[in-house]
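Down below is the structure, laid out as structure tokens.
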Amino acid sequence: MHRSHHAESSSWQPLPLAIRAIGLALLAFQPLALAQGQDATEDQVKAAYLLNFARLAEWPSSVLPEGTSPLVIGVSGGDEEFLHVLQVVVQGKLAGTHSLMVKTASSKEEMRSCYIVFFRASERKHVAAAIAGLAQAGVLLVGEDELFLRQGGMVNLVREHGSIRFEVNTDALDHSEIHFSSKILALARAGYGSPAATSPNSEGEGARRLESSNPPEYPEIAERMKLTGAAQVQAFVKADGTVKEVKVLGGHPLLTDALARAVKRWKYQPGPRETTEVVKFSFGPERP
């Protein structure tokens, strides 16, 4: 393709159009704003998602060959303020070996020169025609409108319980041959909506006792966002008591990431065989 440049959830249910609700760890909040003690804005959160889509999506090599050519993120609609936020968030970042570039994308030609196009909600009337014009173009189409996926979009940012989540139209993604990494797909299988837990605990088929464990740290970003709630992971424990692997079951990505990192360092009582343990933890600002 030519470019001009470049917890286990009890409440999760499959959505129509093969849409699955999934989460993504926010790896790239603008550090200056957070360092100044400001809460992350909705624009910053959405910009962080777009950065991570660029980092974790996989394009066919015929669309995005190896090299250092820019990976262009286009924005359709919106205002200069969001463009500025997105430019600040991606500044100096890489997606693999590719630098990142942000630009306005209004026409079909401008969109076809991008690898990601983010349609603001104000573009609802023009989305269907734009998507039809990008068929087989190898462009990841991201929106923020409730009708976006039903219009053929691939990824949609949604507000849920005061946080930004995203959902995916897997049919549209499969048709485009753009894929997400296994890290994202693992979260997709888990969903969200885990029941709150009041303290860390381990339970499962083995219910093995812990020999040593340090509680997860409450992430600074989560504290600045005033984010609280429960996280739940599944630990695959070897016979010698060390944790071989951790799988996310439910919770906000920032919280599950903190819990998973802590659990990987835990040590259980040795046993005759490998076991699977479920760990729940409730995060809040009162915790260190």
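Return yes when Leu141 is at pLDDT 90 or above and either part of a loop (DSSP other than H, G, I, E, B) or under 24 Å from the mean Cα position of the chain (by Cα) (or both) and no when it is not.
For Leu141, the condition - at pLDDT 90 or above and either part of a loop (DSSP other than H, G, I, E, B) or under 24 Å from the mean Cα position of the chain (by Cα) (or both) - is met.
Being assigned to a loop (DSSP other than H, G, I, E, B) and modelled with pLDDT of 80 or more: is that true of Pro195 here?
On the way: assigned to a loop (DSSP other than H, G, I, E, B): yes; modelled with pLDDT of 80 or more: no.
Taking the combined requirement at face value, the residue does not satisfy it.
Identify all residues within region 144-171 that are in contact with a Gly (Cβ under 6 Å, 6 or more places away or on another chain) and assigned to a helix (DSSP H, G or I); write none if there are none.
None; the set is empty.
From the residues in region 229-288 that are among the aromatic types (Phe, Trp, Tyr) and at pLDDT below 85, which one is surrounded by the most Cβ atoms within 10 Å (Cβ to Cβ)? Walk me through how you get there before you give the answer.
Step one: of region 229-288, the residues among the aromatic types (Phe, Trp, Tyr) are 236, 266, 268, 281, 283.
Among the residues that remain, those that are also at pLDDT below 85 are: 281, 283.
Values: Phe281: 24, Phe283: 26.
Out of the qualifying residues, it is Phe283.
Which of the residues that make up region 50-60 are within 20 Å of Leu134 (Cα to Cα) and either in a helix (DSSP H, G or I) or of a type in the set (Ser, Thr, Tyr) (or both)?
Step one: of region 50-60, the residues within 20 Å of Leu134 (Cα to Cα) are 50, 53-54, 57-60.
Result: Leu50, Phe53, Ala54.
Of all the residues that make up region 244-287, how many are part of a strand (DSSP E or B) and either over 29 Å from Asn52 (Cβ atoms) or out of contact with any helix residue (DSSP H, G or I) (no Cβ under 6 Å at 6 or more places or on another chain) (or both)? Walk me through it before giving the result.
In the first step, residues of region 244-287 are kept if they are part of a strand (DSSP E or B); the result is 244-250, 267-268, 275-283.
Adding the requirement that they be either over 29 Å from Asn52 (Cβ atoms) or out of contact with any helix residue (DSSP H, G or I) (no Cβ under 6 Å at 6 or more places or on another chain) (or both) leaves 244-245, 247, 267-268, 275-278, 280, 282.
Summing the residues that are part of a strand (DSSP E or B) and either over 29 Å from Asn52 (Cβ atoms) or out of contact with any helix residue (DSSP H, G or I) (no Cβ under 6 Å at 6 or more places or on another chain) (or both) in region 244-287 gives 11.
Looking for something in a helix (DSSP H, G or I) and surrounded by 13 or more Cβ atoms within 10 Å (Cβ to Cβ) - is there at least one such residue anywhere in region 113-121?
Keep residues of region 113-121 that are in a helix (DSSP H, G or I), which gives 121.
Still in the list and also surrounded by 13 or more Cβ atoms within 10 Å (Cβ to Cβ): 121.
Yes; the residues of region 113-121 include at least one that is in a helix (DSSP H, G or I) and surrounded by 13 or more Cβ atoms within 10 Å (Cβ to Cβ).
Being of a type outside the set (Gly, Ala, Ser), part of a strand (DSSP E or B) and either touching a Ser or Thr at 6+ places or on another chain (Cβ under 7 Å) or at pLDDT below 95 (or both) narrows it down to one residue among Val63, Val75, Val102, Val89; which is it?
After ruling out the rest, the residue left standing is Val75.
The values are calculated or read from the model by the stated rules, or taken from the named source; none is laboratory data. Bear in mind the structure is a predicted one, so any value in this text is a computation, not a measurement. Using ideal geometry, Cβ is built from the backbone for each residue, glycine included, and neighbour counts are taken over all protein chains shown.
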